[in-house]
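One structure is given below, encoded as structure tokens.
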Amino acid sequence: TGVQPCALPISATAYHWIDPAVRMTRPTALLAPGGVLAVIDTNQVRAADDRGFFDRSFPIYRKYRPDERADPGRPADLMPPIVAEMEGCGRFEEVRLWRYRWDQRYDAAAYEDLLRSYSDMQRMEPTAREGLIGELRAMVAAEPGGAVVRPLVITLAVARQPR
């Protein structure tokens, strides 16, 4: 095919969009012997730092997206699903995971910008989207200090192909 083997394909917060049927076969076809696949993910986690904001915001989501399912949140020591895929595919000899806590603080305007960047928000009917964003923005503005903390853990999963 003319494709040169590579030593390190990297995906940052997008690997979940790749079809599961090829998520492990495609990178291993590109990897040079001993090459490494690296997958970085941003994971919202349960933490007291959000002061219950995300639990309290759920009814607003349900108002505009009736099929919205409650997210119980993930623990800070979460194990991202990509690790099990890497370990179970039989194509890697070594899988490692690192976790990095990286909380984000948003005032109302910054939180609105974040919401507008999400593909599921962009696909919403405009009136519903604007209602949802408006109510969430008002909720953030009403928080102590006019801001909310989004507790995050960044995970880096790496897997080495045999030499």
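The values are calculated or read from the model by the stated rules, or taken from the named source; none is laboratory data. The model shown is predicted, which means the values in this text are computed figures rather than measured ones. Cβ placement follows ideal geometry from the backbone for every residue including glycine, while neighbour counts extend to all protein chains displayed. We work out accessible area using only protein heavy atoms, side chains counted, and drop any ligands, DNA or RNA first. Shrake-Rupley method; radii C 1.70, N 1.55, O 1.52, S 1.80 Å.
Every helix of 4 or more DSSP H residues in the chain counts as -39500 (n - 2.57), and over all residues that averages to -10000 deg cm²/dmol at 222 nm. Rounded to the nearest Hz, the phi-derived 3J(HN,Hα) couplings of region 46-61 under the Karplus curve 6.51 cos²θ - 1.76 cosθ + 1.60 (θ = phi - 60°) are 6, 6, 5, 4, 7, 6, x, 4, 6, 5, 5, 7, 4, x, 5, 4, where x marks glycine and proline. Among residues other than Gly90 whose Cβ falls under 14 Å from its Cβ, what is the net charge (Lys/Arg +1, Asp/Glu -1)? Net charge around Gly90: -1. Here are several values of P(r) over Cα pairs in 5 Å bins from 0, in percent: (i) 2, 8, 13, 18, 18, 15, 13, 8, 4, 1, 0; (ii) 2, 8, 15, 16, 15, 13, 10, 9, 7, 4, 1, 0; (iii) 1, 6, 11, 15, 17, 17, 15, 11, 6, 2, 0, 0. Which one was derived from the coordinates shown? Recomputing P(r) over Cα pairs in 5 Å bins from 0, in percent here gives the entry labelled (ii). Judged by the mean number of other Cβ atoms found within 10 Å, the most tightly packed of the peptides 35-41, 88-94 leads the ranking 35-41, 88-94.
Which whole-number value in Å² is the accessible area per residue of the chain, probe 1.4 Å? It amounts to 58 Å² per residue over the chain. A simple rule links phi to the HN-Hα coupling: the Karplus curve 6.51 cos²θ - 1.76 cosθ + 1.60 with θ = phi - 60°, which for region 69-76 gives 9, 4, 9, x, x, 10, x, 4 Hz, with x for Gly and Pro. Net charge within 14 Å of Met121 by Cβ-Cβ distance, Lys/Arg positive one each and Asp/Glu negative one each, not counting Met121 itself? So the surrounding residues net to -2. For Asp55, the shell of other residues with beta-carbons less than 11 Å away shows a net charge of +1, using +1 for Lys and Arg and -1 for Asp and Glu.
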